[in-house]
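Beneath this line is the structure, given in structure tokens, with notes to follow.
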Amino acid sequence: MTTKKNSLLRQRRVRDRLKKASKGRYRLSIFRSSKNIYAQIIDDDKGKTLLSSSTLEKNIKNKFKNTGNKEAASEIGKILAEKAKEKGIKKVIFDRGRYVYHGRVKAFADGARKAGLDF
């Protein structure tokens, strides 16, 4: 099997487990590339993205020289959690996708938790 196929299988397996455990909560999905990190809160029942945030936003891009590091990921987590609080979203389920809960993904989750998001 190829690495791409393995990662897609892992992503599908993680998402299937989340759907069983979600109990009506919104899904906090994360995607990371080598240079940026993207996150969004999704309502799977309606199939709509409620909130999103990424390191491509002007205030983040200007704040960090390198947007593909743990500090930027943590900041994105805090910003997304604050946006969620404004919309009244307190509990979500974390979808790490095909990524191991380590490094930038963990830094993002810790930042979101510190800002008040519960998962």
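Since every read-out is calculated from the coordinates, none of them should be taken as a lab result. On a predicted model such as this, the values are computed, not experimentally measured, just so you know. Glycine also receives a Cβ, built like all others from the backbone with ideal geometry; neighbour counts cover every protein chain displayed.
Which percentage, to the nearest 5, of the DSSP beta bridges contained in the chain is antiparallel?
On the way: 12 of 17 bridges.
So the antiparallel bridges in the chain amount to around 70 percent.
The lysines whose alpha-carbon is closer than 25 Å to the alpha-carbon of LYS23, local same-chain residues fewer than 8 away aside, are LYS46, LYS48, LYS78, LYS83, LYS85, LYS87, LYS90, LYS91, LYS106, LYS114. Peptides 105-114, 5-14 ranked from most to least packed give 105-114, 5-14, packing being the mean of other C-beta atoms within 10 angstrom over each peptide's residues. When Rg and Dmax are taken over the Cα atoms of the range 3-114, they come to 13.8, 40 Å.
Only one residue of LEU8, ASN36, GLY24 has its Cα farthest out toward the positive end of the dipole of the range 3-114, where Lys and Arg carry +1 and Asp and Glu -1 on Cβ, and that residue is LEU8.
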